[in-house]
Amino acid sequence: MTVPILKQGSVLIACVQSALTDGELSQLRDELAQGIGRYRATGVIVDVSAVDVLDSFGSRTLRSIVFIARLRGAETVVVGIQPEVAYAMVQLGLTMEGIATALDMEEGLALLHAVPRARRGV
Amino acid sequence: MDDGAALILVKQDVDVVLARQRGRELAAQAGFTGSNLTLIATAISEIARNIVVYAGQGELVISLAQDHERRGIKVVGSDQGPGIPDIKLAMQDGYSTGRSLGLGLPGARRLMDDFEIFSEPGVGTTITMWKWLPS
């Protein structure tokens, strides 16, 4: 299944609603990279609250999304990483250094709106 | 297969998702709860992907395990792929010949309790891993 990407103001919101295959995750990465240009977005939220496993490929693709978006002029916040998923990621040895995260969509949007553009990603 | 066991053919990325979902179900059946279910599903995801990426295809057998007083779950992933020439190197964090972070195998080992790997170049690779229920 593909991930719906919604636009709210200058923010693109991608809600991952079920387990994604590697191919679908890569597709999301590419669509967000395109979407930032098409919708002139300056912020991206990726909601992974429905995701039950973030393994090495999943985490790497999330990282790619964040850094590709940054090169395209948009900041990304990954929201909704579940407690068990966070625990497994740490055990795997995956950190999300340099990547903004927030508890949920509301906190993620607040973070995007609170940080002055020039200072994001520092 | 018997109740409490599953054989999953792994050929493409959708099978990786299928394998970890089936693994989670069996782990729950074995009595695992909470974050252990996620650890097991994540470890299965890593070795299933390794099969797809490096061998093209293979299979996973997930079953309930018992060893003396301990009970738990056993996962065997096998393929007839190119094999791993240097297992010690492959088990190091950050080492990868593919498109990964190199955390797959060492990561899966950390997520599980016991981990064995047998590989012969040109013959294939078999990974067996166990997670035991907390006593």
Exercise. Residues in region B:52-70: is at least one within 10 Å of chain A (Cβ to nearest Cβ), among the β-branched types (Val, Ile, Thr) and over 26 Å from residue B:120 (Cβ atoms)?
Worked result: no
Exercise. Taking the condition in contact (Cβ under 8 Å) with a residue 12 or more places away in the chain, of a type in the set (Val, Ile, Thr) and more than 25 Å from residue B:14 (Cα to Cα), does residue A:11 pass?
Worked result: yes
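Please pick out the residue among A:101, A:42 that is more than 28 Å from residue B:33 (Cβ to Cβ) and under 15 Å from the mean Cα position of the chain (by Cα).
Only one candidate qualifies: A:42.
Is there a residue in region A:87-95 that is within 11 Å of chain B (Cβ to nearest Cβ), at positive phi and part of a loop (DSSP other than H, G, I, E, B)? Steps first, answer last, please.
Step one: of region A:87-95, the residues within 11 Å of chain B (Cβ to nearest Cβ) are A:87-95.
From the residues that got through so far, the ones that are at positive phi too are A:93.
Still in the list and also part of a loop (DSSP other than H, G, I, E, B): A:93.
Yes, that holds for at least one residue.
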Problem set entry | Given (1) on the phi > 0 side of the Ramachandran plot; (2) crowded, with 20+ Cβ neighbours inside 10 Å, number of the condition residue B:40 does not satisfy | (1)
Exercise. So which residues in region B:8-22 are in contact with a Leu (Cβ under 9 Å, 6 or more places away or on another chain), under 15 Å from residue B:61 (Cβ atoms) and within 11 Å of chain A (Cβ to nearest Cβ), if there are any at all?
Worked result: B:15, B:19
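Got a sec? Which of A:46, A:3 is under 21 Å from residue B:49 (Cβ atoms) and either within 13 Å of chain B (Cβ to nearest Cβ) or touching a Ser or Thr at 6+ places or on another chain (Cβ under 7 Å) (or both)? Give the derivation first.
Details: A:3 fails: either within 13 Å of chain B (Cβ to nearest Cβ) or touching a Ser or Thr at 6+ places or on another chain (Cβ under 7 Å) (or both).
A:46 is the lone residue from the list that is under 21 Å from residue B:49 (Cβ atoms) and either within 13 Å of chain B (Cβ to nearest Cβ) or touching a Ser or Thr at 6+ places or on another chain (Cβ under 7 Å) (or both).
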For this session: Taking residue B:77 as meeting all but one of (1) farther than 23 Å from residue A:84 by Cβ; (2) more than 9 Å from chain A (Cβ to nearest Cβ), write down the number of the exception.
Result: (1)
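Do you know which of the residues in region B:23-42 that are in contact (Cβ under 8 Å) with a residue 24 or more places away in the chain and within 18 Å of residue A:22 (Cβ to Cβ) is nearest to the other protein chains (Cβ to nearest Cβ)?
Among those that are in contact (Cβ under 8 Å) with a residue 24 or more places away in the chain and within 18 Å of residue A:22 (Cβ to Cβ), it is B:42.
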For this session: Scan region A:60-80 for residues that are out of contact with any Ser or Thr (no Cβ under 6 Å at 6 or more places or on another chain), within 21 Å of residue B:39 (Cβ to Cβ) and buried (at least 22 other Cβ atoms within 10 Å of the Cβ) and jot them down.
Result: A:62
Seminar exercise, completed: In the set A:33, A:41, the lone residue that is more than 14 Å from chain B (Cβ to nearest Cβ) and assigned to a loop (DSSP other than H, G, I, E, B) is A:41
Exercise. If you go through region B:64-86, how many residues are of a type in the set (Val, Ile, Thr) and loosely packed, with under 14 Cβ neighbours inside 10 Å?
Worked result: 0
Problem set entry | Qualifying residue in region B:94-109 (condition: in contact (Cβ under 8 Å) with a residue 12 or more places away in the chain, assigned to a loop (DSSP other than H, G, I, E, B) and farther than 27 Å from residue A:63 by Cα) | no
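Every number here is computed from the coordinates shown, using simple stated rules; none is lab data. Here the structure is a predicted model, which is why all the values come from computation and not from measurement. Every residue, glycine as well, gets a Cβ built from its backbone with ideal geometry; the counts of neighbours run over all protein chains shown.
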